[in-house]
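First the structure, in the form of C-alpha cells, and then the observations on it.
The values are calculated or read from the model by the stated rules, or taken from the named source; none is laboratory data. This is a predicted model, so every value here is computed, not measured. Please note: Cβ atoms are built from the backbone with ideal geometry, for glycine as well, and neighbour counts cover all protein chains shown. Surface accessibility is based on the protein's heavy atoms, side chains included, excluding ligands, DNA and RNA. Shrake-Rupley method; radii C 1.70, N 1.55, O 1.52, S 1.80 Å.
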Amino acid sequence: RARGEAYPVDAGLPPDAPVEIDVDSVPPEPGDPNDFMARVEPEAGDTPLATMALAERWFGPLLAAAPGADVMAGRQARVQQGLASSIARWEAGKARGAQLLVLVPFAIPGGGSESMWLEVTRADAGHVTGRVMDEPLAATEVHKNDVVTRARAEVEDVDLRTPRDN
C-alpha cells in the first residue's frame, strides 16, 4: 500500500499486511545528496538471507523453484562428459589469461545444498581447486574468496573463458 491504494486482486503479490522495519539514519557518502539518508534494516540482521526474506515479505517469492533432480542429473552428466576437455583447454590457455569457472554444491545446515562458482586455480585427475566467487546465502561453512578443493565428479556446470571472451 506504499502507493496509497490497494493492489489489484490479480497482481500476484502477497496479501496486504503490515511489515515492520527498522530504519537507521546513515550519514551521506561522497556523491549522495545532502538530504536525509536512511537504511532499511531487516529484523533478522544484515545478511543476504535476511534481506531476501524482507524483500519477499514485500514483493512475494524472489527465487524460482530449483530444477528437478532429473534435470540436474542430465545437466551434470553432460558437463562431466566435457569436463576433461574444458580443463585441458584451460590449462593450454591459462598463460594467456584463460579462466575456468566450475559450479559445485556446498552443504546447507539442516539439509540441501547451495551451488556456487569456483574460479579454478589447479586441477588434477580427480579434483579441482579454486576460489569461491559467490557470497553464500545459506551455506555457512564457506565464504566468498575461500580456496576449496572439490571432487571433479561434483562439478555441476563449467564456464571456460578464453582470452577472446574476457
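Quick look at the numbers
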| item | result |
| --- | --- |
| Single residue of L118, L100 found to be within 22 Å of A77 (Cβ to Cβ) and more than 16 Å from the chain's Cα centre (by Cα) | L100 |
| Subset of the range 125-136 [at pLDDT 95 or above and loosely packed, with under 13 Cβ neighbours inside 10 Å] | G126 |
| Boolean, V19 is of a type in the set (V, I, T), surrounded by 11 or more Cβ atoms within 10 Å (Cβ to Cβ) and modelled with pLDDT under 85 | no |
| Residues being among the basic types (K, R) and open to solvent by less than 70 Å² (accessible area, probe 1.4 Å) - total across the range 137-166 | 2 |
| Verdict on A66 being modelled with pLDDT under 70, surrounded by 10 or more Cβ atoms within 10 Å (Cβ to Cβ), within 30 Å of A151 (Cβ to Cβ) and of a type outside the set (F, W, Y) | yes |
| Selection within the range 74-92 - surrounded by 12 or more Cβ atoms within 10 Å (Cβ to Cβ) and small (G, A, S) | G74, G82, A84, S86 |
| Test result for D32, over 30 Å from A153 (Cβ atoms), open to solvent by 90 Å² or more (accessible area, probe 1.4 Å) and either at pLDDT below 80 or not acidic (D, E) (or both) | no |
| Residue within the range 93-105 that is surrounded by fewer than 15 Cβ atoms within 10 Å (Cβ to Cβ), outside any helix (DSSP H, G or I) and at pLDDT 95 or above present | no |
| All positions within the range 106-120 that are of a type outside the set (A, V, I, L, M, F, W, C) and modelled with pLDDT of 95 or more | E119 |
